[in-house]
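Heads up, the thing below is written out as structure tokens.
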């Protein structure tokens, strides 16, 4: 009986060892097999594309392997993310995602993947305030002017980069908390939004510092408030929404890198270490700061906890406000 038990246990151990050999071999050979692909889940020219390209070059130098950026835009990042989920979990394909990643599950219950089960967070690159801004000749001189107009039922309109975008949800959250009514005007990205905003065709815009600041610097837009609990380093004179009577209000834009769920843990650990090294590089930090991004870094677990919290916050906003995908 004891011999039979021993043989069974030995057989089970050998089976486990045999199963682990291929994965171990993959991890040991990585990244010598082929070029690494960073899938930017939005089109060229936007912040996700910029973040991916800023990271790619130093990452390539550190790993001694080519790192290429592939843009797979569409469906608020869901198309590119799905492509990464469906790729081989061998450490050669990763996703660079935006804050819409935390909104998509609530906005689209029919996503072709499970955001929490099918992806492994690698690192939280950073966060950035969004900016509520208006045309320089607008009647709105302060955030209070906007609130007062909304309270007076003056049909206050704002534009965002799209229906269900974080800017849209942040305004919905503000409106619900203060019993205010806004009219949302969705655009298909930051470019079209800013084009109308600087022309005065939409009275208010809400978008990231990356999208808005060039037009503030040119004198065509006036910033009214930022959506993080602390003032933005790039816009130190612009008050926060929290300072304007919404204590604790926090709605940051954010960027992260993810891997397919079954990527070997050794590769996840190594990629996290290499990405943190990139983010600590003074030259890279300067480039990301120029995009209005506050660098975060940290462990995969910290990135996962942040993303899970964002998903919970915005799922409630989507549900409470009956927001639907386009």
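Observations
Residue by residue, here is whether (1) surrounded by 15 or more Cβ atoms within 10 Å (Cβ to Cβ); (2) at negative phi; (3) touching a helix residue (DSSP H, G or I) at 6+ places or on another chain (Cβ under 6 Å); (4) in a helix (DSSP H, G or I) holds:
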{"residue": "89", "(1), (2), (3), (4)": "yes, yes, no, no"}
{"residue": "109", "(1), (2), (3), (4)": "no, yes, no, no"}
{"residue": "122", "(1), (2), (3), (4)": "yes, yes, yes, no"}
{"residue": "172", "(1), (2), (3), (4)": "yes, yes, yes, yes"}
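- Boolean, residue 103 is crowded, with 23+ Cβ neighbours inside 10 Å, in contact with a helix residue (DSSP H, G or I) (Cβ under 8 Å, 6 or more places away or on another chain) and outside any strand (DSSP E or B): yes
- Any chance residue 139 is over 19 Å from residue 106 (Cα atoms) and touching a strand residue (DSSP E or B) at 6+ places or on another chain (Cβ under 9 Å): no
- Whichever residue in segment 243-258 is over 30 Å from residue 120 (Cα atoms) and in contact with a strand residue (DSSP E or B) (Cβ under 9 Å, 6 or more places away or on another chain) and, among such residues, is modelled with the highest pLDDT: 243
- Residues in segment 120-134 that are more than 21 Å from residue 231 (Cβ to Cβ) and more than 14 Å from the chain's Cα centre (by Cα): 120 only.
- Leading residue by the ranking (nearest to residue 38 (Cα to Cα)) among those in segment 57-68 that are surrounded by fewer than 20 Cβ atoms within 10 Å (Cβ to Cβ) and free of Cβ contacts under 8 Å to residues at least 60 places away in the same chain: 68
- Inspection of segment 230-238 identifies no residue that is in a strand (DSSP E or B) and within 21 Å of residue 298 (Cβ to Cβ).
- Pick from segment 29-56, criterion touching a helix residue (DSSP H, G or I) at 6+ places or on another chain (Cβ under 8 Å) and at pLDDT below 90, ranking: surrounded by the fewest Cβ atoms within 10 Å (Cβ to Cβ): 45
- Of residues in segment 223-242 being farther than 19 Å from residue 145 by Cα and crowded, with 19+ Cβ neighbours inside 10 Å, the one modelled with the lowest pLDDT: 234
Rundown of residues vs (1) surrounded by 18 or more Cβ atoms within 10 Å (Cβ to Cβ); (2) at pLDDT 95 or above; (3) over 17 Å from residue 128 (Cα atoms), yes/no style:
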site: 155; (1), (2), (3): no, no, yes
site: 162; (1), (2), (3): yes, no, yes
site: 176; (1), (2), (3): no, no, yes
site: 188; (1), (2), (3): no, no, yes
site: 202; (1), (2), (3): yes, yes, yes
site: 206; (1), (2), (3): yes, yes, no
site: 213; (1), (2), (3): yes, no, no
site: 221; (1), (2), (3): yes, yes, yes
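- A single entry from 264, 300, 282 fulfils the requirement of being surrounded by fewer than 17 Cβ atoms within 10 Å (Cβ to Cβ), outside the structural domain of residue 210 (by TED's automatic domain parsing) and modelled with pLDDT of 95 or more: 282.
- Qualifying residues in segment 69-80 (those that are in contact with a helix residue (DSSP H, G or I) (Cβ under 7 Å, 6 or more places away or on another chain) and surrounded by 22 or more Cβ atoms within 10 Å (Cβ to Cβ)) - the one farthest from residue 266 (Cα to Cα): 76
The values are calculated or read from the model by the stated rules, or taken from the named source; none is laboratory data. No experiment lies behind these values; they were computed from the predicted model shown. Positions of Cβ are backbone-derived with ideal geometry, glycine not excepted, and every protein chain shown enters the neighbour counts.
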